[in-house]
Amino acid sequence: MQRMKLGFIGAGFIAKFQASALRFVRGADLGGVCALKGAEELSAYAKQNALGDCVVYPSIRELCHHVDAVAVFAPNFARLDIVGQIVDAVKAGAPLKGIICEKPLGRTVAEARQLVQLGKETGLPTAYFENQLHMKAVRAPLAQLERVQRAMGPLTLARSGEEHSGPHEGWFWDPTRQGGGVLSDMGCHSIACDWFVLTPIGKPIDFLKPVAVNAEVALLKWGQPLHRKALLDRMGVDYAKTPAEDFATGMVTFQNPETGQLVKGQFTNSWMYDKQGLRLTMDGLGPGYAFEVNSLKSPIEIFIADQAAEAVANAEVALEKSTSSRGLLAVEANEADLYGYVDELEDACRAFAEGRDGLANWEYGLEVTKLCQAAYLSAERKRTIDLTDPATQKELETYVSFIAQGRGRETLQAL
Ligand SMILES: NC(=O)c1ccc[n+]([C@@H]2O[C@H](COP(=O)([O-])OP(=O)(O)OC[C@H]3O[C@@H](n4cnc5c(N)ncnc54)[C@H](O)[C@@H]3O)[C@@H](O)[C@H]2O)c1
């Protein structure tokens with residue numbers, strides 16, 4: 001494979017994580033970065049870790065002219081503008097081979113559709129980064145169960161969860177900038193993971209047709225006065241005025257278009273999971289077989305007594321979103337690999353080198369956005385959303401949830 005010189009747009013949390021993943025990817029370098037904040041630090045990290053001569057570019061246009069592929073690792077609210085600038089650069093002759101965009105593709109169906117359209121204008125392959133589809137912990141059991149699945153039939157129930165104690169930057173908490181609360185931020189992961197796990201062996205990732213969505217959202221922790229104040233002080237976001245959900249759960253029903261079989265993907269997401277840190281859970285159940293993943297069950301654990309805890313400066317060294325620096329702690333040796341970042345980077349680089357989309361392209365990202373938005377609609381209307389109904393499909397095209405409009409007080413009860 002030819003070497004792929006990547007350019008990152010954004011140099012915050014995910015860009016740093018992806019840079020650390022790049023240490024384990026063969027055939028790719030970090031050629032440049034453009035960001036409002038953090039670019040110099042990321043460039044220094046790249047150089048220290050032999051990831052490439054990462055140049056800090058003052059504009060997206062210049063970055064696009066000096067790398068082979070760009071990755072949009074900037075906040076959700078900046079997507080359209082950034083991708084618009086990439087389109088302009090490509091039209092002006094930037095020699096890109098592909099464009100990567102982080103989840104969620106859009107904050108609404110309309111926004112995701114616009115992004116798909118912009119991607120098409122470039123004529124370039126795309127990759128929608130949904131890391132959980134690439135997790136070795138998900139792929140390995142599916143590979144192990146392949147023969148069982150062929151003999152007994154595909155999985156019929158998947159359960160995916162992603163939970164932690166809340167995001168690291170204020171914009172995530174602001175539903176008008178992020179697109180909602182935890183459902184918009186992490187529901188996309190769990191819904192996509194369910195869809196992927198349920199897909200029969202050998203079929204494309206959009207083979208199963210989503211036919212119905214049912215969901216509930218709630219504000220369980222961060223609407224309470226004590227925690228609301230802490231959020232306002234720490235993140236500058238006032239949940240008395242513009243709350244978002246910190247808990248979401250629901251079910252997507254998919255249909256196998258060949259057999260008619262209905263299968264279910266259950267999702268649970270929260271920003272009020274006050275345990276050791278980020279927990280990803282996945283269950284897959286088929287006729288006569290099953291698998292389970294729990295990312296907190298590490299083979300490593302450490303213990304830090306109260307008297308030693310003062311020496312611990314950064315709890316997140318051990319685990320993403322770690323909330324504690326003492327007691328019995330979970331530690332993951334290589335989180336970038338565990339969460340699938342290494343494999344998703346490798347997949348995109350290989351695909352772009354071969355002139356094709358990554359495993360998940362932006363059209364797939366649009367479908368996942370639609371499922372998330374259908375989940376908001378279900379929670380608002382307190383009923384199951386029938387995705388086979390043309391009128392519902394039409395409604396989803398322009399739908400903006402109350403929460404994303406900053407009107408969460410009208411739907412969230414817990415204030
Ligand atoms: N796959 C995952 O597990 C995962 C995890 C975290 C974040 N994400 C996604 O990644 C994206 C970024 O999240 P983050 O946590 O890194 O955010 P962040 O706030 O930590 O970092 C954002 C970065 O983008 C830069 N930026 C902002 N506006 C910009 C603009 N107009 N042009 C160039 N740079 C700009 C900022 O300066 C900063 O460097 C989000 O869409 C988020 O949903 C995915």
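Below are the figures for this structure:
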{"read-out": "P(r), alpha carbons of the range 29-93 - 5 Å bins starting at zero, rounded %", "value": "3, 19, 27, 25, 16, 8, 2"}
{"read-out": "The range 226-378 - charge dipole about Cα centre, Lys and Arg +1 at Cβ, Asp and Glu -1, debye rounded to 20", "value": "620 debye"}
{"read-out": "Rounded to whole Hz, the Karplus (6.51, -1.76, 1.60) HN-Hα couplings of the range 62-68, x for glycine and proline", "value": "5, 4, 4, 7, 10, 10, 8"}
{"read-out": "ARG147-GLU397 FRET efficiency (beta carbon distance; Förster radius 56 Å; 0.05 resolution)", "value": "0.85"}
{"read-out": "Links that overshoot a 31 Å alpha carbon limit, given the list LYS120/LYS321; LYS103/LYS297; LYS103/LYS264; LYS16/LYS275; LYS103/LYS203; LYS97/LYS370", "value": "LYS120/LYS321"}
{"read-out": "Approximate shape of the range 235-369 as ellipsoid semi-axes (Cα gyration tensor, √5λ), whole Å, largest first", "value": "33, 21, 19"}
{"read-out": "Backbone HN-Hα couplings from phi across the range 31-43 [Karplus 6.51/-1.76/1.60, Hz, Gly and Pro as x]", "value": "x, x, 8, 9, 7, 6, 9, x, 5, 4, 5, 5, 4"}
{"read-out": "Euclidean distance of C-alpha centroids, the range 279-358 and the range 164-186, integer Å", "value": "20 Å"}
{"read-out": "Estimated FRET transfer efficiency (GLU292, HIS66; beta-carbon r; R0 30 Å; 0.05)", "value": "0.10"}
{"read-out": "Amide H contacts of MET4 (H built 1.01 Å from N, under 5 Å, at least 5 apart or other chain)", "value": "ALA28, ASP29"}
{"read-out": "Calculated P(r) of the range 80-203 - Cα pairs past 27 Å, %", "value": "36 percent"}
{"read-out": "Separation in nanometres of the label points that stand 7 Å from Cα toward Cβ, at LYS203 and LEU328", "value": "4.1 nm"}
{"read-out": "Bins of 20 Å, starting at 0 and running to the largest distance - Cα pair percent for the chain", "value": "26, 60, 14, 0"}
{"read-out": "Residue-wise HN-Hα coupling along the range 383-400, computed from phi with Karplus coefficients 6.51, -1.76, 1.60 (Hz; x: Gly, Pro)", "value": "8, 6, 9, 8, 6, 8, 8, x, 5, 5, 4, 5, 4, 5, 4, 10, 5, 10"}
{"read-out": "Percent RCO, i.e. relative contact order, over the chain, from Cα pairs under 8 Å lying at least 6 residues apart", "value": "21 percent"}
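No lab work stands behind these numbers, since they all come straight from the coordinates. Bear in mind the structure is a predicted one, so any value in this text is a computation, not a measurement. Ideal geometry is used to build each Cβ from the backbone, glycine not excepted, and the neighbour counts take in all protein chains shown.
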